[in-house]
Each structure stands twice: as structure tokens, then as C-alpha cells.
Amino acid sequence: MRPISAPTPFGRFRRLRRTPALRSLAQESVLTTADLIWPVFVRDGVDVVEPIASMPGVNRLSIDRIVRAAEEAATLGIPAICLFPYTDPALKTDACEEAWNPENLVNRAIRAIKAAVPEVAVMTDVALDPYNANGHDGLVRCGIILNDESVEALVRMSLAQAEAGADILGPSDMMDGRIGAMRGALEAAGHRDVAILSYAAKYASAFYGPFRDAVGASGVLRGDKKTYQMNPANSDEALRLIERDLREGADMVMVKPGMPYLDICRRVKDAFGAPTYAYQVSGEYAMIRGAALNGWINGEAAMMESLMCFKRAGCDGILTYFAPEAARFLNLR
Ligand code: PBG
């Protein structure tokens, strides 16, 4: 496509920017509440709302409160909620058994949400870090993050989540071969309609810091995740990973983090045309919220602009901690 315009003064781009009506007619991308996936943090207890210091405005919620959040999502028109557990440190082990306990926090939360608000899609996180004594996404032996043994554990975890009623599984672990293994196990167990949203292009990023506080993984994590998460300098590799995961049976794919990686979102959408999502991660949220709380930027405007940019970059949806606030803003217009 080669857009053509008349030379000045006949071509004046400002004509279509003159009024809100003309601007809206000429607008290319649209953001709606239906584009949002809301990540929430689950913890034990009853009626607990526990603030997370590095993510002002975001709280860890007990299951009863999570159900209320899901009800709020339904009211606001947010189609999906994504669960992350804050696991009791006493339950974290090197073998990560709590990850596939049918009664773990996430599996209980899935059942509670599905019983109360079945129309809200429940997405999960498939990775071992919230349950791992050493904070890694995979099993660790002698300082090495094991691939195939981790995939076996992730398959068990996936089956437990599917059994509990999850609609979308979100493997965020970056082990090789986990999508095919999960898909095969889901088919064999009769869970043919459970969707997989693969965190296919997930970078080893400094922007996950506040999240690791939120799930209680910061203190225990030894080393970094660079042997399994991607090098931020790479772009072609992201396309190869997305293609691999689609061929293994992923229904949807994700680029993560979001805003610093919009070039990847665009390449992925153009190359495959698959349902493509970006995760506006905890550090991105904290930067916008922190600057807003300091009075350095207009928080609401920056939030809405950042979300629109994901749509412009080709994303079909965005995982964002701003989901309820952005939805309220969109519903008020
Ligand atoms: C871990 C996981 C992480 C996030 C989602 N799942 C952190 C990590 O890889 O260390 C990050 C989300 C965020 O920062 O908001 N499997």
C-alpha cells in the first residue's frame, strides 16, 4: 500500500484533525473493553485485599474477593480474567508439587469463578515459579533449569487447571516443546476445547520486577531467567518461536513485555495473522502509575494512549493491570 496525497496546499492533513467528529471518522484503530484481559493476584484467606507496594492500585485478593473481581469484569464488559497465585512460602518445594494440587489456590479460584460468573473466561499461568523453592519457571538441578522434566511438570499442572474448569491456559515458562506436550495431554484427557494462549515470545526483562514481588518470587529467585527467556536484542527468533508454538497447537500467541516490544507485535501479526496478544507487564504499569502518582504525567491519558498503541501495533487484545480502570473509562464515554 502506498498512500497518496495531494501536494500542499491542496493536501492539508489538518483538515481531518479539525474536530472530534472528523478525527473519529479518520481513526484507524479502536480500543474496546472486549480487548482486555485482567491479570489478578490470588492469596489465601477470606475478605483479604492486600496492597502490593510496587504496583499501586493493584491488590492480592482472597478467593471470595477474586469472585467479586470477576463479577466486576462481567459488568464492565471485560471478557477474561487471568489468575496468578501468591503461594504460602511453606508450600514451595524443589519439585513444585503444589503446582498440580487440585486444591491449590488457582484451581480453587477457577472453580469459584466458574460457579459464580461462568460467562467470564478464566485464564491461568502455566509455569512453576510461584511454587518453586528457587523461584524459577522450571525444575532446577545443580543450577541448570531442566527442560524436558519441567515440561512433564507443566503438563500435570495444565491438566489440573483444565480439570478445574480453566478456559485458557497460559504457558509462560518458555521451555521448549511444552505446547505440543500440553496439547497432546489435553486431547488425551478429553479437554479438547481448552484454549492455549502461548507466551511464545517472552523476553528476559527487567520489567517483571513488581510482578515477582506480587507473587512472592523476588526473594527466592537465584540468578536470572536468561537461559529460557529471550534475549531483548532478538526479533527473528520471536517469529520462529511463534511459528513453532502455532504448529504445536497454540490457539493464541503473546508477546511480552508490551510497550518496548511493539515492533515484535507488528511483525508477529503481519507474519501469521493469528490471534495476537501483548502483556503490558508489571513494570510498565508501575512506570505509568508511579509517574502519575507523582504528578509527572496525566495517568488516565497515558493509560489510554498506551493501550491504544497495542491495537495500532496489530494486537487483538492486551493483558493489563489497568483493565478495570480502562474499561470504566471506555464505558463512560
Ligand atoms: C512467570 C511470569 C512472570 C510474569 C508472568 N508470568 C514473571 C517472570 O517471568 O519472571 C510477568 C508478568 C508481569 O511482570 O506483569 N512465569
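The values are calculated or read from the model by the stated rules, or taken from the named source; none is laboratory data. Note that the coordinates shown come from a computational prediction; the quantities given were computed from them, not determined experimentally. Note: ideal-geometry Cβ built from the backbone for every residue, glycine included; neighbour counts use all protein chains shown. The area values use the complete protein model at the heavy-atom level, side chains included, leaving out ligands, DNA and RNA. Shrake-Rupley method; radii C 1.70, N 1.55, O 1.52, S 1.80 Å.
General observations
- Label sites at Leu22 and Val49, each approximated as a point 7 angstrom past Cα along Cα to Cβ, lie 4.6 nm apart.
- Degrees separating the helix 323-332 axis from the principal Cα axis of the chain, which is the longest one: 30 degrees
- Prolate/oblate/rounded label for region 206-333 (Cα gyration tensor, a/c 1.5): oblate
- The modelled label-to-label distance between Ala206 and Asp88, using points 7 Å beyond Cα along the C-beta direction, is 3.7 nm.
- Using the Cβ of Arg43 as centre and a radius below 10 Å, the other residues enclosed give a net charge of -1, where K and R count +1 and D and E count -1.
- Extension gain (nm, one decimal) between Asn298 and Cys142, 0.36 nm per residue minus Cα-Cα: 51.3 nm
- Qualifying trypsin sites (Lys or Arg not before Pro) in region 121-208, DSSP loop, other Cβ atoms within 10 Å at most 15: Arg192
- Counting protein heavy atoms only, region 1-155 has 57 percent of its accessible area on carbon and sulfur, 1.4 angstrom probe.
- Mean-position separation - Cα centroids, region 301-333 and region 140-154, in angstrom: 36 Å
- The chain - percent relative contact order, Cα under 8 Å, separation 6 or more: 18 percent
- Relative contact order (%) - criterion: Cα under 8 Å, at least six apart; region: region 1-151: 19 percent
- Folded to 0 to 90 degrees: helix 63-76 orientation relative to the chain principal axis, Cα: 20 degrees
- Under Karplus coefficients 6.51, -1.76 and 1.60, residue-wise ³J(HN,Hα) of region 97-107 in Hz, glycine/proline x: 4, 4, 4, 10, 5, x, 9, 5, 3, 5, 5
- Rounded to 10°, Cα long-axis angle of helix 262-272 versus longest principal axis of the chain: 80 degrees
- Shown for the chain: lysine pairs separated by 8 or more places, or found on different chains, whose C-alpha atoms are under 25 Å apart, numbering 13.
- Given 11 as the ceiling on other Cβ atoms within 10 Å, longest exposed-site-free region of the chain for GluC sites (Glu not before Pro) in DSSP loops: 120-333
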